[in-house]
Structure formats: structure tokens, C-alpha cells
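A short write-up of the structure that comes next.
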Amino acid sequence: MNRLTNITKIRKSLIDGKLKVNDLVLNKIKEINKGSPNHLNTFISLQDEKSLEKQIKESQERYDNGTNKRLDGIPIGVKDNFSSKNFKTTCGSKILENYKPSFDSTVVKLLKEEGAIIIGKTNMDEFSMGSSSTSGNFGKVINPWSKPNKNNNNNNNNNNNNNNNNNNNNNNNYNNNNNDNGEILYVAGGSSGGSAAAVASNYCVASIGSDTGGSIRQPSSYCGVVGFKPSYGLISRFGLVAYASSLDTPGVLTNNVEDAAELLDILIKKDQENDSTSIEFNNNGEKRNILNEFNEKLKNKNIKDLVFGIPKDYLVKELDTDILNLWKEVVEEIEKRGGKVVSVSLPHTRYALPAYYLLATSEASSNLSRFDGVRYGYRFEEEEEEEEEEKKKDENENKDDENKIGMGLKDMYTKTRTNGFGEEVKKRIILGTMALSRSSYDNFYTKAQKIRRLVSDDFKNVFQGENKVDILITPTAPSPAFKQNEKMDPIEVYVNDIMTIPSNLAGLPACSIPLKLSNSNLPISVQLISNRLTDDNLLFAAHTIMNFDCYKDFTSLTPNYLK
Amino acid sequence: MNYLNKINKINNKLFYSTSNNQIKNVVINNKDYLKSLKTNEIWELTVGIEVHAQTKTKEKLFSNSLNIGSMEGFKANSRVSYVDAAFPGVLPVLNDKCVEQAIKTGLSIGGMINRYSFFDRKHYFYQDLPQGYQITQLSEPIVKGGSIELELSDGRQKQIRISHIQLEQDSGKSIHDLHPTKSLVDLNRAGIGLMEIVSHADFTSSEQVGCYIQKLQHLLKHIGSSDANMQFGEMRCDVNISVHKENTEFGTRVELKNMISAKAIVSSIDSEAIRQISLLENNNKIQRETRGFNQETGETYHLRTKEDEVDYRFFPDPDLPPLIISNERIETIKQQLGELPQDMKKRLIKQYSITNYDAELLIQDQSIAKFFENSIIFNQNQNNNNNNNNNNNNNKQRDIKKILNFLLRDIFSWLNSNNIQDFNSIINENQLSIEKFTQLLDLIEQGYISTNIGKTILFQILNGSDNRSPKDLIDSQGLSQISDDSLLDQLVQQLVENHPNEVTEYHQGKQRVYKFFMGEIMKKTKGRSNPEIVNNLLKKYLDLKKK
């Protein structure tokens, strides 16, 4: 199948006039709705037709008169936790189900300035809390690598799929992970599962995600796309609805590393007026341009210039055999080409997981306290209560609305938040509230912060120590995508993030690259991690490995479920 | 602000009361105590104060919406940004100007500026707290230490130590009385920068507290870090208060919240002290609680107990990097700070040999002191240079006593009777410029007009209806003194000649007749004759008639 997946190539076709913006964008919409509306449930809402038409027209005009911008007409998916002006931003939650921001997040603003078409807002775990994109209020995202119905082209099963505006329950029709007809549905990973599945399904050319503990890289790995989380602070968080502020990192999901570099070049921009944690991409005070640095390295460097580190601490007992083998294979392939690979130790890795869950939930419990029903979003109304009560009681008389005493502030808060948040979110708010409470603070929050420092120091020792490691190679996740509705111990689900969390704690750039299919025909990936503010080096390494002969064909594969 | 009353209040000991039938303030060995009139026992009062002062900045602490202070009259929710209303995804960005104001304040109380401070989140749910937390500074505030020196009414001095100053956000306002069942919220105030100035529990009388609040208010205005008007809510106070007997452990403290005036604070402390002492003397226990103050009954009332308080779950705000302040910056601000009120007062007393009382009045407002000093020397050097080149006499100064009389008596009383708060507002070209004021002084000095006419002209200038110079005002009304000696000579001679009876009475020792002559001359000259000259002439001609 001839998939046009590279931004540079698409742009060239558009400039040459071989491809029209209209065809490019509407084809994507068609694909998204193929079989059923919002086929894989990758989007929570799609751009409305009118503004889509307008943008297509404007982009095409700019191509026609030679004034096109870098991303003109390129359809991009944006995770639904990035604020977008007049475009619903729900975070996958009922509490924001009808919230339309009146401002753009910096990420969306920068994309629009380059002419990108925000085709839709992608589905996610509620408030990014999850690793499967099944916990949101708008249905579960289906991994495009799911096993299709053998007899039929899966039209039968999906006719009840949620469409964009229908958001009243969590149940779509993907309840059976093992149908009689052989269909097996897999999760897309999370929390940026919609963004990953949309790129893997070619519903958009690239997408934006956010990564707090692996939320870009793990779904990228499950869906077989490139997921890049840059150094903390390089991309502005302004307008990204906060989950855990000190860990939240905007990033990109793409088909290849060149696209990631192109998007990062647009998005990496100091935003000091809106985000105090935003920083310049620089080296010892010298401002740098990531795309130039990346291209320069492609030209002048090769794999022999890099030292790769294999952290033995990532060899966990939960590790899937296929992934372990891939990991080993990558090392061999690097060595075969003259790259240097050393074994390194990151001894505090095993404490990273509990530390992460304390810090992330602590910050979340605080960040999510603004969702109180007072100013925006869902508010529990007395009518709801009355409806409930009236079902039980006989109706007596009409009450005078003006003089009725309200339910009270505390009651409103409780009911709004109880009804507005899903189970996982409530669980994490409670955990975070506990960790910050007066009696637990020292034992939990403070200790977790100390571990965070130790984890950071581990990395520092490896990158600046005697081996001068440039790139760490680890698996992205312990396993390939798991099946929808697989009953799992919550702890087991949390363990999924074990490989990705440490780089969030240390604010390091990390990237998941898909290399091949497992024996069960699911994509498997490795993760590359580099030192802070060496994102260009990381891009270079990722690009180099993905283009090994044995791996370079992966991106041309079409996921099973779409065939 | 009432210029005269403010000082009078302190001097008339209005802040030093508690005198009612139960408790009396006593001073023993230079220390303040409360004496129970019921049991005759001596109690010590311990008070600590938290003052919240809004920073004087154009914008709010973490957003760029306009800081209108707590002023009324703005449309509700018209000065609110997405940050103030805590919309999803927005982030706080520290307003450096607020930092500067806190540093200024810290330096002015001799505090240590923390080179490395950071912001914490304090969590609680309330409708006028949009984020669900307040951004404040718990563990590393921007200023540590410092002190304020109080001068008590009986001349004693008392030092109050400052624990720290923290920067934090103000909350919005809840309005409960506009709708029968709903509370309304106005977020115009939400996010304005506050300096919370926390004292040690060093106060031992309500007088000290009143004195401290005035002093602090004055200091903040003087250095320009806050407008500090309590009636506008730009400055608010929480008070912690406990009582104990001498040489015993401190009592349980009670917090008094939301006091809106210095007077209310002083009365509430007195009233709360009485309540606590009566409880203890009746063998009851003091409960750890927060209380309000009812100004009408003059009593405190229960708001909530400590157990009702939520766990604020403080933790460092991950959206804000640590606040690092360089030594250079502190030095720069120090240079720009200018003379502090206490230093200014000492200098004024020394330099101009004026009384403590006058100096205190002058420094109430920096612009008054500046005006005073300017009017002493304004244009004097030039005049001297032009008139003679005698360098020895180069620094001729105007009469300080006369300036003070005009400034502190006449102008102040005019300000008070016209209910004008801000001295600065009358210092302009149309009203009282320094040029006009000094010209007026000089005209009096030169004998062009009498002091009384001078006052009349001054009030005309202050009333602002006529924009002309004092000289023009005088001339147009024909108010200048008759300094033509021969004219006066003639008038006086005639008068004496025409009243032989009165002359005789005068020589018989009836002094009041002298006043008659004086009055007649003034009548004839419509008050424009120089009294001194008239005096001399009268004496001369009366003596000539002496037989």
C-alpha cells in the first residue's frame, strides 16, 4: 500500500499541485469514519465541516500562490487535553464534556500559525490518568493492530460505535475481546491512545500528545508509531490541562523521525509570558535550532559517534520474550555497524514507580481542585437531584424557585466532583490528597521527592560518568498491547509505566521507536533516552536505528484491523 | 486619613484604653499589664499580628490583569484573566514588580531578603478561590526578620520583631446579600498580590497594636509598596491573642479575623482580653478558636474552632520555579528606597531644630515633608545671587516657624475641613504650587501683606477658584499693606489730634484706649497698614501729647 506519510513528501506533492489539500483532508475524514462513524474511537470531537472547508480553501490558496507555510493543509490530531479555541477540550472527562476554551494552548497556536489543520481532538484516558485509553468518558480507543473478524470486514460489530457527539456512556460495542468470529480487540495504550491510534491508522499525518509518565511513548509502542517526549520545558505547557505539572510534557507522535524533528522545530519555543517552566533549547547558553542540529548530524555523523548504554535495571521479570529479544537484537545490530554499547546501572529505577505515583497523584489532587462546577464545565444541578427524588416521591406542588434554599456549596462541590470524575481519577485524587496531608507528607511526598533526585542523579552518572553514554536503550513497555477488557490488577497496570517513568522524573528527552511485529503480530518498540537538552542527539539516534535494513520497512506496514 | 486627628489620637491615648469597669491598663517597671478590677490580679497580654497589604502594582501577582486593589465601583468580574479564574491549562507567571515591592518592604523594616524563596500551594475549597488553592509562601518566604520601633504615648519605646513577609494571592469576594438563595462571586480582587507581614507575638497592649498598624501603614505608603488603606481593604489584619499571669506559661491563643479598621482591632483586642480573663478567673478554659468582632456590640463572637479547619496540604507549587534574588538586585532597590520615615524624622528634627510633634506631622506623608523642605530654600539661592554676590549669605533660608505654621496649622485644617485625604492632590499648578507658597511667604516677610491677609490669600489659593499668583491676587483685591510711612504718619497724627479725650484717658493709664486708636487706623486702612509701623507712630504721637 502506498501510504503518503512523510510531511516533507506531502508538502512537496501539495506544492507541485499533484495533491490538493481538499483531497488530503477529506480522505482522512473518510478513513476516520470508514466502517462506522469515528471507527476506532480515536477522536472525541472532529473539526466542524465549515471551519474545515474554510481552512482547506485558505491553505490551498497559499499553495496556489506560493505562500504556503510549513504545515499548510497538513491534518494534525491533537490530544483532547490541549486547549483549542472554540473547539471542545474535554480531557476525556464528563466534568469538561461541553467545555470550549476561548483561547488556544501554545502548542495549538504554533501549529495553526504554520497552517496545520487541527482535524480533531484525540481520545485519551480521563485527565491522562491511565495506560490504555479506556478510562475516558467517551469510549475506548481501539488499537488498529487488533485482529479483525475473519469472515467479514468488521462492519457488523461496530455499528453502535460512539460518534463524536454522543458521549453519554462508557460502553461502546467493543465488549468482547474474543469474538466467535475470531476478532480480538487490543488497547491502544495510554493515555495518548487516540493520538497514537490516529497516526497508526493514517487518520492524520501526525499528532500531539502529552507525556506524564509514558503517555506518549507507551501508546506509540502499542500502535507502532514514533513517540517523542522532549526535555521538560522545551515545549510550552500553556493551555495543556495539567495532570502533574512537574512531569507533564507535550510531545509528538509521528510516522517517522523526520516528521518528529519538523514538528519539534515548530513547537520548541520559549514561552516565558505564559509558562514559567518554559526554557530555551540551548547548549551552555547558546541558543540552538533542533532541526538544523538534527540535519547537521545526519550529514556529518554516524552510529560510530554514539555510545549506547543498556541499563540492566530495566530487565524486569514482567518483560515479554519478544521484547527482550528485540532489545538484544537492537544491541547486536548496533554493534554490527560499529556502534559502541556498554552496560550501565541505574540503581534507583525500582523506586521510581512508587515515587512517581505519589508525586503525580499529589500534584493531580491539587491541579484538579479547580474543577468545582463554579466557573465552567459540568455542575451538578438540583434538577438532577430532583429528578432522582421525584422518581421516588409523588410530586406535590410547584416550588417557588426564587425562595428555595439551594443545596449549599459543600454539597454542590461533592456532587459535582463525585459525578463529574471517573473512578480512576477519583482514586488518584484520593491517593494524592492522602500523600499531601499533614500526617503523611513527610513519609510520602518528601520521600518521593528524594527518590526523584536519586533517579535523576543515576542518569547524570551514566551520561556524565566514565562511559559518557549518549543514548540509553530500553524497552518502551514490558509487553505489546494487551487485550481490551482484560481483567488486570491495578498494580499490574501501573507496572506498565515502569520503563517510561524514570525519564519523566528526570525531565529527560525520551523516544519510542517501532521496529517490528511480535510473534502475535503486534508492534514492538524500544525506547531511547538521552541527556537533558540533547534532544537533537536523540532524534539522530532514533532515525539511525529505525533506518537499519532490518527495521526500515516497518512503517510501510498497514495495521491488520484496517486492511 | 485625617492629618491632625491621626496624631491627636495617639497623643490623646485613644489607642490606650481598655478602661472599663473590669480591666485597667497598668504599667509596671516599664512593662504593660492588665489589671483585673474584680480580683486585682495582674495579667499579661500576648498578641501577634498578621497584616495583609496589597502590593501597589499595575498588575496582579501571577497574571497581567489590572490590579484595582479592593476599590469599589468597577463592574464585577471585569478585571479577571483566565489565570485569575483558573481556567484549565493556564499557568501562573510571577509579576516581578510585586517581588520588588516585597523587597522594598523587607528592606524598610531591616529584614533579610531571602536569596532563594519559593511558592507553596495552600488548598481549600471556596467559591471565591478559583484554583482551589492559594499560591503563598510557607517554608521559604521572601523576607525573614526585621522589626518596627514603636513610640508609645507616654514616651516609652517598644520594638516589635517581624517574623517574615510572604508574597501570596488575594482571593475573590463573595457577596451573600444580593440574592435570596445564591451567593455571588466577584473575582476582580482574585490574584492581586498580597504581602503578608507576620509579627512575632511581641505586643503586650492594645495601644502597641494600634501604634504598630499606624506605623506600618505609614511606612508602606511612604516607600510606595502599598496604598495600605484599611477602609478600602488594601490592608487587613488578623490578630492572635492570649492572656496569662506573670511568670506562667502562655495561654491558649485565639485568632481574631477580618478586622477592617485600626480602631476595630484595638477595641477587639481589649474586648477579647476581657473575655479571656473573665473565663480564666471563673475557672473556665480558653478554647482554640477563630473569632470575629462585632463593632456594634464591641464584642468578639465565635466563628469556628480549630478542629473545623481543613488540612491545607501545603506543597511547593510545581508551576513556579524558585524565586532567586541576586545581591545586585537587592542593592539596586536599596539605593532607590530613599529615606525611611524614622530616618527622615530624626534628620528633620536635627536639621531644622523642630519639635518631635511637628516632625511626626511632617513625615505622615512624604510629600508634605518634601514640600516643607522645598519651601525653605526654593528660589532663595537665585535671589541671593542676583541681589548680591556675597557668598557667605548664599544659603539664606525662609523662616521655618512661619512655614510650619502655614503648613501644619492652616493647610492641615483646610484639608480636614474639606475632607481631603491626599496632600499631593492639592500640590499642582492650579492650586498650591511651591512657587505660589514661597511667593506668599516672601510677600509677608517683605511686609507687603500682613500675616492675616496672607492666610486669606492662602485659602483663596487652596480653594482653587483663582489661578493667579499670590501677588496678583493681593493686588487685584487691593490687599497690600500701606507701607507709605508719610500717609500713615498723617493718619495717626490726625487721629491723635481729633481725640483729645481719649489721649487724656490713655495718659491716665487706660490701656484699652490704645486698642481704640489701633482699631481706628485699621478701620481707615481696611486692615492694610503694617501694625508695627502704626504701633511706632501711635506711641510717638501719643508721647508728644504727654504733658
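Please state, to two decimals, what the Cα-based radius of gyration of the stretch B:242-342 comes to when divided by 2.2 N^0.38 Å (N = residues).
Numbers: Rg = 20.7 Å, N = 101, 2.2 N^0.38 = 12.7 Å.
Normalised Rg, Cα atoms only: 1.63.
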Value of [θ]222 nm, deg cm²/dmol, for chain A, DSSP H segments ≥ 4, -39500 (n - 2.57) each, nearest 500: -11000 deg cm²/dmol
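What is the Å³ per residue value for the convex hull set by the Cα atoms of the protein assembly as shown? Show your work: numbers first, answer last.
On the way: hull volume 314.8 nm³, N = 1110.
Given the Cα convex hull of the protein assembly as shown, per-residue volume reads 284 Å³.
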Rg to Rh, two decimals, where the stretch B:450-508 supplies the alpha carbon set and Rh follows Kirkwood: 1.24
Expected 222 nm ellipticity per residue - DSSP helices of 4 or more, -39500 (n - 2.57), all of chain B, to 500: -11500 deg cm²/dmol
The stretch B:413-435-the stretch B:322-370 distance, computed between alpha-carbon centres (Å): 22 Å
Shape parameters for the stretch A:168-314, alpha-carbon atoms, Rg then Dmax in Å: 18.2, 62
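Which longest run of chain A has no exposed loop site in it, a site being GluC sites (Glu not before Pro) in a DSSP loop with at most 16 other beta carbons within 10 Å, and the site itself not part of the run?
Working: sites that count: A:Glu273, A:Glu280, A:Glu318, A:Glu381, A:Glu395, A:Glu397, A:Glu402, A:Glu466, A:Glu486.
Longest gap between qualifying sites, sites excluded: A:1-272.
How large is the convex hull of the Cα atoms of the stretch B:125-277 per residue, expressed in Å³ as a whole number? Numbers along the way, then the final one.
On the way: hull volume 24.6 nm³, N = 153.
Expressed per residue, the convex hull around the Cα atoms of the stretch B:125-277 is 161 Å³.
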Between 0 and 90°, nearest 10: helix A:447-464 axis offset from chain A longest Cα axis: 20 degrees
Rg [Å, one decimal], Dmax [Å, integer] - the stretch A:1-77, C-alpha atoms: 13.0, 38
Cα-based convex hull, the stretch B:393-505, per residue volume (Å³, whole number): 175 Å³
Buried solvent-accessible surface, both chains (B, A), 1.4 Å probe, Å² to nearest 100: 3100 Å²
For chain A, fraction of C-alpha pairs farther apart than 47 Å, in %: 10 percent
Environment charge at A:Val78 (Cβ cut-off 11 Å; Lys +1, Arg +1, Asp -1, Glu -1): +1
Listed residues B:Arg236, B:Arg161, A:Arg428 arranged by accessible area, highest first, probe 1.4 Å: B:Arg161, B:Arg236, A:Arg428
³J(HN,Hα) computed for each position of the stretch A:507-512 - Karplus, 6.51 cos²θ - 1.76 cosθ + 1.60, integer Hz, glycine/proline x: x, 8, x, 8, 8, 9
Using θ = phi - 60° and Karplus 6.51 cos²θ - 1.76 cosθ + 1.60, couplings along the stretch B:281-288 (whole Hz; Gly, Pro as x): 6, 9, 6, 9, 9, 8, 8, 6
Percent breakdown of C-alpha pair distances by 5 Å bin, ordered from the shortest bin, for the stretch A:245-306: 3, 14, 20, 23, 21, 11, 5, 2, 0
Cα-based Kirkwood hydrodynamic radius, the stretch B:61-125, one decimal, Å: 14.4 Å
Straight-distance crosslink candidates among lysines, where the alpha carbon sits under 17 Å from B:Lys401 and sequence neighbours closer than 8 are dropped: B:Lys345, B:Lys350, B:Lys370, B:Lys455
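For the stretch B:209-327, what proportion of DSSP beta bridges, expressed in % and rounded to the nearest 5, is antiparallel? Walk me through the numbers on the way to the answer.
Values: 10 of 12 bridges.
Roughly 85 percent of the beta bridges in the stretch B:209-327 run antiparallel, per DSSP.
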Centre separation in Å (Cα based) which lies between the stretch A:1-75 and the stretch A:311-362: 38 Å
Where Rh is the Kirkwood radius over Cα pairs, Rg/Rh for chain B: 1.10
Counting DSSP beta bridges with both ends in chain B, the antiparallel % (nearest 5): 95 percent
B:Lys334 accessible area, assembled protein chains, probe 1.4 Å, Å²: 100 Å²
Over 28 Å (Cα to Cα) - which of A:Lys229/A:Lys301; B:Lys346/B:Lys471; A:Lys18/A:Lys79; A:Lys301/A:Lys460 fall in this group: B:Lys346/B:Lys471; A:Lys18/A:Lys79
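How much of the DSSP beta bridge set in the protein assembly as shown is antiparallel, as a percent to the nearest 5? Walk me through the intermediate numbers first.
Numbers: 97 of 115 bridges.
Of those bridges, close to 85 percent are antiparallel.
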Area of B:Arg313 that stays accessible when all protein chains are in place (1.4 Å probe, Å², to 10): 30 Å²
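Return the FRET efficiency for the residue pair B:Ile28, B:Ile420: r is the Cβ-Cβ distance, R0 is 35 Å, and the value is rounded to the nearest 0.05.
On the way: r = 43 Å, r/R0 = 1.23.
My answer for the efficiency is 0.20.
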Heavy-atom surface of chain A, accessible at 1.4 Å and reported per residue (Å²): 40 Å²
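From the square roots a ≥ b ≥ c of the eigenvalues of the alpha-carbon gyration tensor of the stretch A:48-95, which class results: rounded (a/c under 1.5), prolate (a/b over b/c), or oblate? Can you show the working numbers first?
Numbers: a/c = 4.03, a/b = 2.42, b/c = 1.67.
Prolate is the answer for the stretch A:48-95, as a/c is 1.5 or above and a/b outweighs b/c.
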Restraint check, B:Lys173/B:Lys257; A:Lys328/A:Lys516; A:Lys12/A:Lys57; B:Lys122/B:Lys285; A:Lys34/A:Lys94, Cα-Cα greater than 20 Å: B:Lys122/B:Lys285; A:Lys34/A:Lys94
Cα gyration tensor category, rounded, prolate or oblate, for the stretch A:309-384 with a/c compared to 1.5: prolate
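Less than 11 Å Cβ to Cβ from A:Ser246, Lys/Arg counted +1 and Asp/Glu -1: what total charge do the surrounding residues give?
-2
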Prolate/oblate/rounded label for the stretch B:99-192 (Cα gyration tensor, a/c 1.5): oblate
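Please give me the summed charge of the neighbours of A:Lys140: other residues whose Cβ is under 14 Å from its Cβ, Lys and Arg +1, Asp and Glu -1.
Values: positive: A:Lys483; negative: A:Asp125, A:Glu126, A:Glu424, A:Glu486.
Around A:Lys140, the surrounding residues sum to -3.
The values are calculated or read from the model by the stated rules, or taken from the named source; none is laboratory data. Keep in mind the model is a prediction, meaning the values are calculated, not measured. We place every Cβ from the backbone using ideal geometry, glycine too, and count neighbours over all the protein chains shown. Only protein heavy atoms, including side chains, enter the accessible area calculation; ligands, DNA and RNA are left aside. Shrake-Rupley method; radii C 1.70, N 1.55, O 1.52, S 1.80 Å.
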